[in-house]
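Below is one structure, written out as structure tokens; the observations come after it.
The values are calculated or read from the model by the stated rules, or taken from the named source; none is laboratory data. Fair warning: this is a prediction, and the values are worked out from it, not measured in the lab. Cβ placement follows ideal geometry from the backbone for every residue including glycine, while neighbour counts extend to all protein chains displayed. Note: accessible area is taken over every heavy atom of the protein model, side chains too, but ligands, DNA and RNA are not part of it. Shrake-Rupley method; radii C 1.70, N 1.55, O 1.52, S 1.80 Å.
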Amino acid sequence: MKTLTYIFTILFLSVSFVSCSDDDDNTPVEVNPVEGLAMLYKVEAADHTVQFYSEKQNLEVGYNEIYIRIKDLAGNTYVSDAAPSWMPMMHMETMEHSAPHTSLNNTEESSVYKGHIVFQMPSNETEYWDLTLNYTLKGEAKQEVLRVTVAQPADGLKKTSVFTGSDDVRYILAYVNPKEPKVAVNDMQAVLYKMENMMSFPVVENYTITVDPRMPGMGNHGSPNNEDLVYMPSSKLYNGKLSLTMTGYWKINLKLLNANGEVLKGEDVTEANPESSLYFELEF
Amino acid sequence: MKAFISVFPVKGMRMGCVLGVVLGGILTSHVNAQEYPADSLKLINLNEVIVISTAKQLDHQKQRKPLSTLDEFLESSRSIKMVKRGAYAWEPIMNDMASERLAITIDGMQIFGACTDKMDPITSYVDVSNLSEAQIGSGQQGAAFGNTIGGGINLKLDKSNFKSTGWTGSLESAFESNNAMRVFGGELNYSDKQFYLNTDAIYRKADNYSAGGDEEVQFSQFEKYNFSVNAGYKLAEDKSVAATLIYDEAKDVGYPALTMDVSLARAVIGSVSFNQDTLFGNLSNWESKLYYNTIKHTMDDTKRPDVPIHMDMPGWSETAGFYSQANFNSAQNHFLFKMDGFYNKSYAEMTMYPNNSNEPLMFMLTWPDVRTKDVGFYAEDHIQFKKASLKLSTRLAYHSNTVADDFGLNSLKIFYPEMQKTNTRFLKSFSVQYHDMWKDFHFNTGVSYGERAPSVSEGYGFYLFNSFDNHDYIGDPGLNTESSTDVNLSVTFKKPIFEIAATANYFHIYNYIIGVVDSSLSTMTIGAEGVKIYTNLAYAQLFNTSLSGRYNISNAFKWTGQISYHRGIDNDGENLPLISPVSYRSAIDFYKNQFSASLSVDGAGEQTNYNAAYGETKTAAYATLSASFGKRFFVNENDLFVKAGIENLLDTKYSSYTDWNNIPRMGRNFYLTISYSIN
Ligand SMILES: [Cu+2]
Ligand SMILES: [Cu+2]
């Protein structure tokens, strides 16, 4: 009988396959509001400092999310009512122009302001970008001008396109998300601006951007279930789906269609035409 | 070692007939039923048992080619055909159904291949040298081995079973001219009433073979080792424990019909079991086993010229399981009860190396770490009447699949955004078999119902390239359970010198799973024609029939023959792939004074019912001729056995419908085997 019990125990154990639960209880903890961000610039004034943060290690051509904090040195506190605004400017040898950008807004952590700028070109020895920041501190209007360096993306991949559409309008299209692409259906986001003049870049609303990811290294195969990017008024971003069936180098072929469905830029990918003239590049 | 096709595993012909000739075809070479001791009489009534070796006396004269590969042994079966992708690791097909519709076990252990391209059927992880027999059950007759639609095959390991034989051993070697295959093997066994130990080792190495007309088939080489140990110990008169360990490794295996070869296919298979003669007084032959096996499979294209893109495709499969079974006998009823379960982990990946080395590697999971749990209960009752008998059986199983890897789950969600991580099914099987005798006629008939879950590839495969129809395949986790109703009928007329049998079966399979083209999808594999998604067809129909006979011309001469016909269509009346055309086999065997000889012909008609949508082309008719000669000598009480033969005597260049992409089969081949056994 003893052996019996033993055998049954083993059998029982093997039947009741252990199923572990992976759910972790995420108890909320105090988080540093700029945790994970890199401080790119720090402007030192007499009684306060202005800090510029980004997810990247430097400003790059393309879409840059920038976080700003103003520290009141007297109270050693971060100011949440500074109502900052900004203006990026490129100083070229023969002319000056700005770049598409949003206003600066308080984030969930009210002392951190956030906005984005899409730089169209890098700075160099003789041509540079600066950022004029206006804000108030204890009721007093302040202004700082900060010269910044804008580099080409280190990975050399194209994530920004400045082009003239078939409607003779100059557009700036920049890749926003996914920042870390996965083999999955990714949420994709991009921003689209048009250039009214050197200083004004309004957001383009209600256009459509078609998405056709391809792997040129593998016979230019595509992927299923992508969704075109459409305009979201709430975020002022274009949202869609990008499906990537494997890791590697992908060319995201795009076409820009206006509200009437007319193609302003880009072509279909066909056997004869392996890529669109409007595209982003991805590697992961 | 010996191999002949015995029709029944059970004692005596009368019992044997019960369900014996239900399926398949022929009463081949030697109707030589195994004498099983009454107490180990297993009520698994099989349609066919291929005896590969017997633990006691070598009986080589009964076997046409003693040291052939297991693949060749299985191919000699009347109910099994083999799909060939090269010279090694053929995939068994039964009733026109392959791996995913069959339950294939080794000594009752569930083992699952680790290759997404089916380059490693379970049968490739053992060798004839450590097997005693292959037990074959058609349709739900195979349900004792697991959930199945087409049937079950159990490869039984060779064991001494506490016979007082002391030390025995043997050495064996073989050579084949066509591919220069060298085989070296040996075994050393000890057995007494208390304890036994069996050890076995075999090594095979083959170069490329040549098709008929002396045309070399590139990448058809292989090399393989197999070691096995099994031991048993008697705890008491009615209790014993046993353990087995098999290590099998194949290297440098070419697959000429595919775009990749295999640099390593390795299996480690182990089990411990406990046996007790009686349990609670009423149950007998109580046997319980715990087992574990792990398989690694590495596909390799580094030796292939001009690959468009180099890739690594390793795969792993791990299975742990158990079963416990016992018999219960009363005057009329013979019951078998079995509880079994397994847990399998299947994982396979693919890394591609871009031609532009600045680009990152391309990676995906082709099997997303699928964890399969299965717990089943099987019962059968064999009811004996005066001249007739009835067998009822059922299997009920709980089956679940979980995608454990998030990378893989997200990959599949590209296609199936709503898919769940876990998919659970309840699988059922029922079968009734009836046997009756009238004078020299035996009638067998049966009706069954069975279900199976989709395989890992069918449910979760991610861009699996099939070189047969040149499509990438994608699984569907939401596939319905496939189910089948089948009927079978056989009539045998039997006299001592003469025997003829006609058999037929019909399967009506609901929710038949097969790849269907989705033209909206983009291929992944360079050069592939399109993408197929595994889909349930409303139904498919399969019909198999055969006629076979035996005639003892004299004491020394015996003639056997078999002809079979198969048909398979889907719900639109289109042909299903890999359905055999008319095929036949016939042989004359001679045996006298320890000398044996045989002459056999094997052939098939033109494959008219093929389907181009599945990559099939019309396979031409063929016939091949083979002959063998053997002599047994006695040297100091020991046995020396020498056998030589010629296969494909006329050096015909041919391929059969099961030859992947119609790669030609071996041309003329001479073989020589020598075995020396020390008793
Ligand atoms: Cu790819
Ligand atoms: Cu493989």
note = Per DSSP, the loop-located chymotrypsin sites (Phe, Trp or Tyr not before Pro) within the stretch B:366-452 having at most 15 other beta carbons within 10 Å are B:Phe385
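For the stretch B:389-503, how big is the tail of P(r) above 19 Å, as a whole percent of Cα pairs? If you can, show how the numbers build up before the last one.
On the way: 4177 of 6555 pairs.
When every Cα pair of the stretch B:389-503 is considered, 64 percent fall beyond 19 Å.
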ask   = Evaluated at 20 °C with a viscosity of 1.002 mPa s, what Stokes-Einstein diffusion coefficient in µm²/s does the stretch A:61-108 have when Rh comes from the Kirkwood expression over alpha-carbon pairs?
value = 160
Charge dipole (debye, nearest 20) of the protein assembly as shown; +1 at Cβ of Lys and Arg, -1 at Cβ of Asp and Glu = 4920
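Given +1 on the Cβ of Lys and Arg, -1 on the Cβ of Asp and Glu, and no further charges, what dipole in debye does the stretch B:423-498 carry about its Cα centre, rounded to the nearest 20?
Values: 6 positive and 9 negative charges, 105 e Å.
Rounded to the nearest 20 debye, it is 500 debye.
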Label zone at A:Ser80 (point 7 Å along Cα-to-Cβ), backbone N below 20 Å, the stretch A:86-117 = A:104-115
query = Along the positive direction of the dipole of the stretch B:358-475 (beta-carbon charges: Lys, Arg +1; Asp, Glu -1; about the Cα centre), which of B:Phe415, B:Ser389, B:Gly475 reaches farthest?
reply = B:Ser389
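For chain A, divide the Cα radius of gyration by the Kirkwood radius and give the resulting Rg/Rh value with two decimals.
Numbers: Rg = 24.8 Å, Rh = 21.9 Å.
Using Cα coordinates only, the ratio equals 1.13.
Remind me, relative contact order of the stretch B:355-419 in percent, using alpha carbon pairs under 8 angstrom and six or more residues apart? Walk me through the numbers on the way to the answer.
Numbers: 71 pairs, mean separation 23.9, N = 65.
Answer for the stretch B:355-419 is 37 percent.
Helix-only mean residue ellipticity at 222 nm, chain B, DSSP H runs n ≥ 4 weighted -39,500 (n - 2.57), per residue, nearest 500. What is it? Don't skip to the answer; put the middle values down first.
Values: 4 runs with 28 residues, N = 679.
Mean residue ellipticity at 222 nm (helix-derived): -1000 deg cm²/dmol.
Hey, what did the stretch A:105-175 get for relative contact order, percent, Cα under 8 Å, at least 6 apart? Don't skip to the end; give the middle numbers.
On the way: 74 pairs, mean separation 15.9, N = 71.
For the stretch A:105-175, the relative contact order is 22 percent.
Where the convex hull is taken over the Cα atoms of the protein assembly as shown, what is its projected area averaged over directions, in nm²? The partial results should precede the final answer.
Values: hull surface 189.4 nm².
For the protein assembly as shown, the mean projected area of the Cα convex hull comes to 47.4 nm².
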message = Give the average, rounded to an integer, of partner chain Cβ atoms located within 10 angstrom of each Cβ in B:410-416.
response = 5
task = Over the stretch A:129-217, give the accessible area per residue in Å² for a 1.4 Å probe, as an integer.
result = 46
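What FRET efficiency, computed as 1/(1 + (r/R0)^6) with R0 = 25 Å and r the Cβ-Cβ distance, is obtained for A:Glu96 and A:Asp167, rounded to the nearest 0.05?
Working: r = 26 Å, r/R0 = 1.03.
In this case the efficiency is close to 0.45.
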ask   = Out of B:Trp559, A:Ser110, B:Gly321, whose Cα points farthest toward the positive end of the dipole of the protein assembly as shown (charges: +1 Lys, Arg; -1 Asp, Glu; placed on Cβ)?
value = B:Trp559
query = Which net charge results when you count Lys and Arg as +1 and Asp and Glu as -1 among the other residues whose beta-carbon is under 13 Å from that of A:Lys194?
reply = -2
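Hey, what's the Kirkwood Rh for the stretch B:217-273 if you take every pair of different alpha carbons, in angstrom?
Numbers: mean 1/r = 0.0728 Å⁻¹.
Taking every pair of different Cα atoms in the stretch B:217-273, averaging 1/r and inverting gives 13.7 Å.
What do you get for GluC sites (Glu not before Pro) in the stretch A:182-253 restricted to DSSP loop and a cutoff of at most 15 other Cβ within 10 Å of the site's Cβ? Provide the component values of the computation, followed by the final result.
On the way: sites: A:Glu196, A:Glu205, A:Glu227; in loops: A:Glu196, A:Glu205.
The qualifying sites are A:Glu196, A:Glu205.
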key: Under the Karplus curve 6.51 cos²θ - 1.76 cosθ + 1.60, θ = phi - 60°, whole-Hz ³J(HN,Hα) for the stretch B:223-228, x wherever Gly or Pro sits   = 9, 8, 10, 9, 10, 8
note = Averaged over the residues of B:362-368, the number of partner chain Cβ atoms within 10 Å of each residue's own Cβ comes to 3
task = Take every residue in peptide A:180-189, count the Cβ atoms of other chains within 10 Å of its Cβ, and give the average of those counts.
result = 3
inquiry  = Using protein chains only and a probe of 1.4 angstrom, how many square angstrom of B:Ile563 are accessible, to the nearest 10?
reply    = 80
ask   = Could you state the number of Å between the C-alpha centres of the stretch A:76-148 and the stretch A:236-282?
value = 31
inquiry  = Among B:Gln140, B:Ala404, B:Phe175, whose Cα projects farthest towards the positive end of the dipole of chain B, with charges put on the beta-carbon of Lys, Arg (+1) and Asp, Glu (-1)?
reply    = B:Gln140
note = Asserting the computed 222 nm helical MRE of chain A (DSSP H runs at least 4 long, -39500 (n - 2.57) per run, divided by residue count, to nearest 500) equals -1500 deg cm²/dmol
note = Percent antiparallel among DSSP beta bridges confined to chain B, rounded to 5, stands at 95
remark   = Taking Cα pairs closer than 8 Å and at least 6 residues apart, the relative contact order of chain A in percent is 12
request  = Mind checking which aspartates and glutamates have their Cα closer than 13 Å to the Cα of A:Lys71? Skip sequence neighbours fewer than 8 apart in that chain.
outcome  = A:Glu44, A:Asp47, A:Asp81
key: Ordering of A:253-262, A:33-42 by packing [mean C-beta count within 10 Å, highest first]   = A:253-262, A:33-42
inquiry  = Compute the distance from the alpha-carbon center of the stretch B:263-279 to that of the stretch B:72-111, in whole Å.
reply    = 20
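Could you state the orientation-averaged shadow area of the convex hull built on the Cα atoms of the stretch B:435-544, in nm² to one decimal? Please report the intermediate quantities before stating the final value.
Working: hull surface 38.3 nm².
Answer in nm², one decimal: 9.6.
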key: Loop-located trypsin sites (Lys or Arg not before Pro) in the stretch B:175-209, at most 11 other Cβ atoms within 10 Å (DSSP)   = B:Lys193
query = Over the stretch B:88-199, one equal point on each Cα, no solvent: what is log10 I(q)/I(0) by the Debye formula at q = 0.14 Å⁻¹?
reply = -0.73
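In Å², what does the accessible area per residue of the stretch B:321-435 work out to with a 1.4 Å probe?
On the way: 4540 Å² over 115 residues.
That works out to 39 Å² for each residue.
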query = Ignoring ligands, DNA and RNA, how much accessible area is buried between chains A and B, both sides summed, with a 1.4 Å probe, to the nearest 100 Å²?
reply = 2700
